[in-house]
Every structure is written in structure tokens, then in C-alpha cells.
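To start, the structure itself, in C-alpha cells.
Laboratory data are not the source of any read-out in this text; all were calculated from the coordinates shown. Since this is a predicted model, take the numbers as computed values, not measurements. A quick note on method: Cβ atoms are made from the backbone with ideal geometry, for glycine too, and the neighbour counts reach across all protein chains shown.
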Amino acid sequence: MQQQHIPDLKAYREQAVAWLAEHAPRFAGAAREGRSGEEDLQLARDWQALKAKHGYAGITLPREYGGAGRTELEKIVFSEEEMRYDLPLLYFSVSLSNPVPIMLRHAPEDYRRRLGPPAIRGEHIWCQLFSEPAAGTDLAALRLRAERRGDGWVLNGQKVWTSWAQVADWGVVIARTDPTVPKHAGLTYFFLDMKTPGITVRPIRRLVNEPDLNEVFFDDVFIPDVQRLGGVGQGFKVAVETLMIERYAVTDESGYGPTLEAFVELARHSRINGRPALEDGEVRTAIAQAFVERQGLRSIHRRAVTAMAAGKEPGPEGAIRKLLLGRTRQRLGALALDLRGANGARFNPDASQVTDFARSWMDPSLRIAGGTDEVLINTLAERILGLPQDYRPDKGLPFNQS
Ligand SMILES: Cc1cc2nc3c(=O)[nH]c(=O)nc-3n(C[C@H](O)[C@H](O)[C@H](O)COP(=O)(O)OP(=O)(O)OC[C@H]3O[C@@H](n4cnc5c(N)ncnc54)[C@H](O)[C@@H]3O)c2cc1C
């Protein structure tokens, strides 16, 4: 990685903290209560537009396409501070992390200028159509077919787990253009208008009532060749590039579940055998363990940021952080439900996963999306312990013979 200009992060953080304190409360926490899904989405769009106006949206994206043209470190600093509020950020979490940046790297110039600014202002949402029923971890096993027709391609097949497809205006999609070559070699990458005839989006009902996931069906969907990102057969390479864009995602504990402090508060006000739960040995052990893990995670985070500031690539720290955060969150959630006794089983469908233990316990998505726990363990085994790679029996075989 090239040494980049190191900004004054302390000053940037102070600016961000002050700006957030002035504006975020109108869009966060109590301001979101009682709103319908559409109203919350509108609030999210308004927040995104306000950030864009003040240079806090698309922080690392080029200015000529509507971004702020700043460094990754500034983006990390802003995210750390922004995550302290319960803001409606999820609708844009996929859109602006991966599909929009990859489109801005590879699409023809007129598309970049036309589609970049409205996406960064929150007027458009982009989705990422990668996973399929038989292709998740093993993305290269995907089966959605794209066949040449005239000056474009016709797509047939299915995607699944597509976040926010039901409200998406545009999407990026990987399809199989040649099944006669090994699986990684026969894929091609496109972007498409989600209103294209032949696309059907069906919502997936989730246990926690989160309205984010969908199945997406493609029936003779035509995509002009000009909307190809990268070369024919280069789709896997572009997919990996897409997933690597966020070299280091800020997965701070405050953004994914109730804080350790919230758990301590709950333990202070709950009773076990007539005594405050905070005096119970098992509860105290859980608190101590979560605290030690949190300190470790914060150190790992600081180390990664320091390495990036020195112009180095972040290591596999992200994998450790995500693995531990997902597990700690569910462990504390389970214990919180025990402490609440019969009340623990009451599920409030309007609660936020950031403040509600029941919801955070029931939602395992942090342990699946962006790499499952088992796959992260593989990453750590291979990249830190230097263990041999997973056995890959279909390596080198044509896709249609594997
Ligand atoms: C909330 C959420 C949002 C998502 N949003 C999107 C989206 O917007 N776009 C999109 O394309 N996808 C999305 N996904 C899908 C996500 O990328 C996949 O769920 C993930 O890649 C895992 O794939 P899978 O579900 O097919 O599970 P599989 O890959 O089939 O895995 C099943 C089980 O096998 C284990 N396993 C698999 N391979 C190995 C291995 N090599 N070694 C050990 N264990 C292994 C896994 O850990 C898991 O326990 C989303 C998922 C969630 C939960």
C-alpha cells in the first residue's frame, strides 16, 4: 500500500464529535420510536443527505462523484463516533460499503457521474446480488446464468439473502457466463437497474421481524454489455475486489447489541435468590469475561488503525473482532434473558437490536453475514497459525463436471 497523506485525526474527531452532537439526536434513538418502516427509511435518507451536504457521506469516495475524497482513517474515526448514536444506518450499510464504490471504480464515466451523487446522498440504494441457495461461503459455486444476446446479456436464475433488495434502485450481480471452465473462471460481474423487467423480489420473514432480507428471481432479465464491470470471465476477481473495498470495517460493540454497561445496569436491578444479581458469582464472571474481551478487542482495533496510519495493510484483526463480538453479544443476551426471568421471553417487535437484549440474542446475523464464525476461524487458522488450506476437491475442474 502506498504511504498516504496522514490527516490530523484528533482535529477531525473533534469536528465530527461536535457535528454529530449538534445533528444526530434528531435522527437517532427516541426520534425513531413509533415510526413505520417507510418513515424510518425516510429518516435514514434525510440523515444521509445531511451528511452529504456537510462532507460526512461517502467519506472515502471521490469528490467528482459526490464523495468527500478523504482517507480511510477519517472514515473509521467518523464511524466510531457515529455508531455511538442509534441512527438509521442499516439501509445504506451494503449500498455504500461495496456496490457503489465498485461501480465508481469500473463503470463507464457517464454512469459514475450520473449514479454516484444520488447514491451518496441517499436518494438511491444499491444492493449486492452475490449469494444463492447453493453459493454463500463458496461464492464461486453460483449458478445464475448470463447468456450473450445482441449487445447485452440475458440472466436467468435466483439470488438469496439480498439485503434491502425490496427498496433498492440499483444492484451489482455476478453470473455464470461459461460453465465449461473451472468455477472461478466462468463468472462475469454486472450492475443493473432493479426495475428491469423480469426481476421479482420476494421478502424473507425473519425471526426478529427485521425487513432486510429477500430472494431475487431473474427471468430473462436483459443487461446491456456497457453495464459489465470488469472483463468477461473476470467476475470472481471483481467480486473479491468488491469484498476487499472495506479493508477494515468498524464493528464496534455499540453498533450491534446492548453495551456491557447496559448489562451491568440490568444485573444491578435484577435479583437472584433474593440478592442483587450483581453479587452472583456467575454473573460477575460473565461481566469480567466480557470486559476483558472488550479491552482486547479495543487494543486490536487500535493496533489495526495504527498500522493503517503507518501505511500498512490491516491484518486479520477484523476476523478476530467480528468473531468475538458476535459470540459475546449472544452470550450476554442469553444471560440477560435469564436475569429477566419470565419477562425475558417477551419480544418487543419495535425494539432496536442495539438496546434490546432479546432481539440481539435472537439475531445471529453478525455471525453469518460477511463470513460465518467457522469461516473466520479458518481464516485465523490459515493466516495466523499458518495451517494448511481447506481441502478443495473441485479445484481446476470445469464447473459443469464438478
Ligand atoms: C443479515 C444477512 C445479510 C446478508 N446480506 C447479503 C447481501 O446483501 N448480499 C448477498 O449476496 N448475501 C448476503 N448475505 C448472505 C451471506 O453472505 C451468506 O449467508 C454467507 O456468505 C454464508 O453463506 P450461506 O448462508 O450460503 O452458508 P453456507 O456457506 O452454506 O454455510 C453453511 C454452514 O457451513 C459452514 N461452512 C461453509 N464452508 C465452510 C468451510 N470451508 N469450513 C468450515 N465451515 C464451513 C458455515 O460456517 C455455515 O455454518 C447475508 C446474510 C445475512 C445473515
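What is the gain in length, in nm to one decimal, between Ala345 and Arg284 on full extension, counting 0.36 nm per residue of separation less the C-alpha to C-alpha distance?
Values: separation 61, 0.36 × 61 = 21.96 nm, distance 2.26 nm.
Taking Ala345 through Arg284 to full extension adds about 19.7 nm, to one decimal.
Which value in Å does the Kirkwood hydrodynamic radius of the stretch 253-383 take, with 1/r averaged over all unlike C-alpha pairs and then inverted?
On the way: mean 1/r = 0.0626 Å⁻¹.
Value: 16.0 Å, from the Cα pair sum.
Could I have the simple spin-label model distance between Ala309 and Glu64, label points 7 Å from Cα toward Cβ, reported in nm to one decimal?
Between Ala309 and Glu64, the label points sit 3.2 nm apart.
Treating the beta-carbon of each Lys and Arg as +1 and of each Asp and Glu as -1, no other charges, what is the dipole magnitude of the stretch 9-88 about its Cα centre, to the nearest 20 debye? It would help to have the intermediate numbers written out before the result.
Details: 12 positive and 14 negative charges, 48 e Å.
Dipole of the stretch 9-88, to the nearest 20 debye: 220 debye.
If the reach is capped at under 16 angstrom between alpha carbons, list the aspartates and glutamates near Lys10, excluding any in the same chain fewer than eight residues apart.
Partners within reach: Glu72, Glu74, Glu80, Glu81, Glu82.
Cα-based Rg (one decimal) and Dmax (whole number) for the chain, in Å?
So, for the chain, Rg and Dmax equal 22.3, 76 Å respectively.
Subtract the Cα-Cα distance of Glu22 and Ala381 from 0.36 nm times their separation in residues, and report this length gain in nm to one decimal. Spell out each step's value before the answer.
Values: separation 359, 0.36 × 359 = 129.24 nm, distance 4.47 nm.
The Glu22-Ala381 span can extend by a further 124.8 nm.
Within 10 Å of each candidate Cβ there may be at most 12 other Cβ atoms; applying that plus a DSSP loop requirement, which trypsin sites (Lys or Arg not before Pro) in the stretch 186-229 survive?
Numbers: sites: Lys195, Arg205, Arg206, Arg228; in loops: Lys195, Arg205, Arg206.
The qualifying sites are Lys195, Arg205.
At 18 Å minimum axial length over the Cα atoms and a Kyte-Doolittle cut of -0.5, report the qualifying DSSP H helices in the chain, or say none.
Numbers: long enough: 9-23 (21 Å, -0.35); 37-53 (24 Å, -1.05); 281-309 (42 Å, -0.06); 317-339 (33 Å, 0.10).
Helices passing the filter in the chain: 9-23, 281-309, 317-339.
Which net charge results for the neighbourhood of Glu64, defined as the other residues with beta-carbon distances under 9 angstrom from its beta-carbon, given Lys and Arg at +1 and Asp and Glu at -1? If you can, show how the numbers build up before the last one.
On the way: positive: Arg63, Arg112, Arg113; negative: none.
Taking every other residue near Glu64 into account, the sum is +3.
Dipole size in debye (nearest 20) for the chain around its Cα centre, Lys and Arg Cβ +1, Asp and Glu Cβ -1?
Values: 52 positive and 52 negative charges, 85 e Å.
That gives a dipole near 400 debye.
Within 11 Å, Cβ to Cβ, of Gln48, how many net charges do the neighbouring residues add up to if Lys/Arg are +1 and Asp/Glu are -1? If you can, show how the numbers build up before the last one.
Working: positive: Arg45, Lys51, Lys53, Arg121; negative: Asp46, Glu123.
Taking every other residue near Gln48 into account, the sum is +2.
Stick to Cα atoms and the Kirkwood definition of Rh, then tell me Rg/Rh for the stretch 9-88. Let's see the in-between values first.
Working: Rg = 13.0 Å, Rh = 13.1 Å.
Taking Rh as the inverse mean 1/r over Cα pairs, Rg/Rh reads 0.99.
So what is the relative contact order of the chain, in percent, for Cα pairs below 8 Å that sit 6 or more residues apart? List each step's numbers first, then the result.
Working: 649 pairs, mean separation 56.1, N = 402.
14 percent.
Quick one: if the Förster radius is 22 Å, what FRET efficiency do Arg114 and Arg202 give, using the C-beta to C-beta distance and rounding to 0.05?
On the way: r = 29 Å, r/R0 = 1.32.
With R0 = 22 Å, the Cβ-Cβ based efficiency is 0.15.
Identify the residues of the stretch 114-129 with backbone N under 17 Å of a label point that sits 7 angstrom from the Cα of Thr372 along the Cα-to-Cβ direction, or state none.
none
Rank-order 100-106, 44-50, 343-349 by packing density, defined as the average count of other C-beta atoms within 10 Å over each peptide's residues, highest first. All intermediate terms of the calculation are to be shown ahead of the outcome.
Values: 100-106: 22.3, 44-50: 19.6, 343-349: 11.0.
Listed from highest to lowest mean packing, they are 100-106, 44-50, 343-349.
Suppose the chain between Ser93 and Asp220 were pulled fully straight at 0.36 nm per residue; how much longer would it get relative to their current alpha carbon spacing?
Details: separation 127, 0.36 × 127 = 45.72 nm, distance 2.92 nm.
Roughly 42.8 nm would be gained on extension.
Work out the charge dipole of the chain with +1 on the Cβ of Lys and Arg and -1 on the Cβ of Asp and Glu about the Cα centre, then indicate which of Gln128, Gly281, Leu115 is farthest towards its positive end.
Comparing the listed Cα positions along the dipole, Gly281 ranks first.
Would you kindly state the longest site-free stretch of the chain, with sites defined as GluC sites (Glu not before Pro) in a DSSP loop (not H, G, I, E, B) surrounded by at most 14 other Cβ atoms within 10 Å?
Working: sites that count: Glu33, Glu123.
Counting at most 14 other Cβ atoms within 10 Å as exposed, the longest clean stretch of the chain is 124-402.
What is the P(r) of the stretch 73-226, as percent of Cα-Cα pairs per 5 Å bin from 0?
Using 5 Å bins, I get a P(r) of 2, 9, 17, 20, 20, 16, 9, 5, 2, 1, 0 for the stretch 73-226.
Positive end of the charge dipole of the chain (Lys, Arg +1 and Asp, Glu -1 on Cβ, about the Cα centre): tell me which of Val94, Pro316, Trp161 has its Cα farthest that way.
Pro316
With Kirkwood's inverse mean 1/r over C-alpha pairs for Rh, give me the Rg to Rh ratio of the stretch 54-143, two decimals please. Could the numbers behind the result be given before it?
Details: Rg = 14.7 Å, Rh = 14.3 Å.
Dividing the radius of gyration by the Kirkwood radius yields 1.02.
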